[in-house]
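Some notes on the structure that comes next.
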Amino acid sequence: MNPPSPLRAALLVTGGAVMISFAAIFARLADVAPTTSGFYRLFFGSLGLAVLLLASRDMRSGFSRNWTGSFVIALLFAADIWFWHRSIIYIGPGLSTLLANFQVFILTAVGVIWLREQVGWRFATGLALASFGLWLLFGRDWANLPGDFRLGIGLGLLTALAYGLYLLSLRGYQIRHPGIRPEARLAQVSICCAVMLGLINLAEGNSFVIPDAQSLAALVALGLLCQVLGWLLITRGMPFLPAAIVGLLLLLQPSLSIVWDMLIFGLRLGVLQVMGALLALAGIYLGFRSAARRSARGTRDAGRGDEG
């Protein structure tokens, strides 16, 4: 298959980012418990991936291998979903999605602590901007915020931690097992995660009943459009675009989530809070650029080592 043109690649990433910007919206629209919505997200996602794998021999390459690794990845992804779907309930889809995108700083922190990586001005500036933006959003009036709202902020930051560790584990296992196609790995992880969240849902005493047509439509869209199609579009287009463009396009997800939250659920932000959100987005972008540069440098170094 020929690589897409830069314009087509940009459209793929844009389309994927727009789709996943609705993930928190669909989770909120489904009138079920947070763990239940997480289960159905992975359940319907697994069904969609199963159809893709059955239709394509190439996509299912490696599906029978390294399920142990996928189980480990799924544990972290289940934690991510569990934290995030609760954060959505307490602080809304837009702000919870913004906090989840702080995972770029988690990824860098892990690299600095365990891999002794060096960080440059982009990361330092990005972290400063994001931290100040976070203070403008929540810190100025922290003592007066309701307890549930503060809990939602904490859950959003735990989402970023779990999401960052999930991405690191996913990347690590894919590097060690290059024969497993990304689609096959995603299907393995989705199946394992659906089982985990289903068991957690039982332990919490939640019902699996989908109460109405709106909830069913939201859960199906969450699983098929966000969990599967959105990320497939992004992974198809990302390799063919400069990191700076990818970073900007991926900012559509948290930005649009805030917009949808305002339009659908009536989120209201003051002037300083809007400034905080913009600063946080700018910081996330610089953090992404920093991570992308380190990843590219690591790939070049690995290539030189292979040549030697």
Answer yes or no: is there a residue in the stretch 53-73 that is surrounded by fewer than 20 Cβ atoms within 10 Å (Cβ to Cβ) and under 18 Å from residue 163 (Cα atoms).
-> yes
Hey, among 172, 179, 205, which residue is out of contact with any helix residue (DSSP H, G or I) (no Cβ under 9 Å at 6 or more places or on another chain), of a type outside the set (A, V, I, L, M) and closer than 21 Å to residue 74 by Cβ?
-> 179
Restricting the stretch 159-199 to residues that are of a type in the set (Lys, Arg) and farther than 18 Å from residue 56 by Cα, the residue that is surrounded by the most Cβ atoms within 10 Å (Cβ to Cβ) = 171
So is residue 290 surrounded by 18 or more Cβ atoms within 10 Å (Cβ to Cβ), in contact with a helix residue (DSSP H, G or I) (Cβ under 7 Å, 6 or more places away or on another chain), modelled with pLDDT of 90 or more and among the small types (Gly, Ala, Ser) or not?
-> no
Only one of 149, 132 is farther than 20 Å from residue 255 by Cβ, in contact (Cβ under 8 Å) with a residue 24 or more places away in the chain and surrounded by fewer than 20 Cβ atoms within 10 Å (Cβ to Cβ); which?
-> 149
So which of 123, 77, 71, 102 is at pLDDT 85 or above and over 23 Å from residue 28 (Cα atoms)?
-> 71
How do the helices (runs of 4 or more DSSP H) wholly within the stretch 189-271 filter down when requiring 2 or more residues that are of a type in the set (Ser, Thr, Tyr): which remain?
-> 252-265
Any hit, the stretch 225-234, residues being touching a helix residue (DSSP H, G or I) at 6+ places or on another chain (Cβ under 8 Å), of a type in the set (S, T, N, Q) and at pLDDT below 90 = yes
What about residue 262, is it aliphatic (A, V, I, L, M), in contact (Cβ under 8 Å) with a residue 40 or more places away in the chain and surrounded by fewer than 16 Cβ atoms within 10 Å (Cβ to Cβ)?
-> yes
A careful count of residues in the stretch 174-191 that are closer than 23 Å to residue 223 by Cβ, in contact (Cβ under 8 Å) with a residue 12 or more places away in the chain and not β-branched (Val, Ile, Thr) gives 9
All but one of (1) farther than 27 Å from residue 38 by Cα; (2) modelled with pLDDT of 80 or more hold for residue 88, so report the exception by its number.
-> (1)
Considering only the stretch 140-189, how many residues are within 22 Å of residue 82 (Cα to Cα) and not β-branched (Val, Ile, Thr)?
-> 28
Out of all the residues in the stretch 200-213, is one or more out of contact with any strand residue (DSSP E or B) (no Cβ under 8 Å at 6 or more places or on another chain) and closer than 20 Å to residue 228 by Cα?
-> no
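The values are calculated or read from the model by the stated rules, or taken from the named source; none is laboratory data. Since the model is a prediction, treat every value here as computed from it, not as a measurement. Every residue, glycine among them, receives a Cβ derived from its backbone with ideal geometry; neighbour counts consider all protein chains shown.
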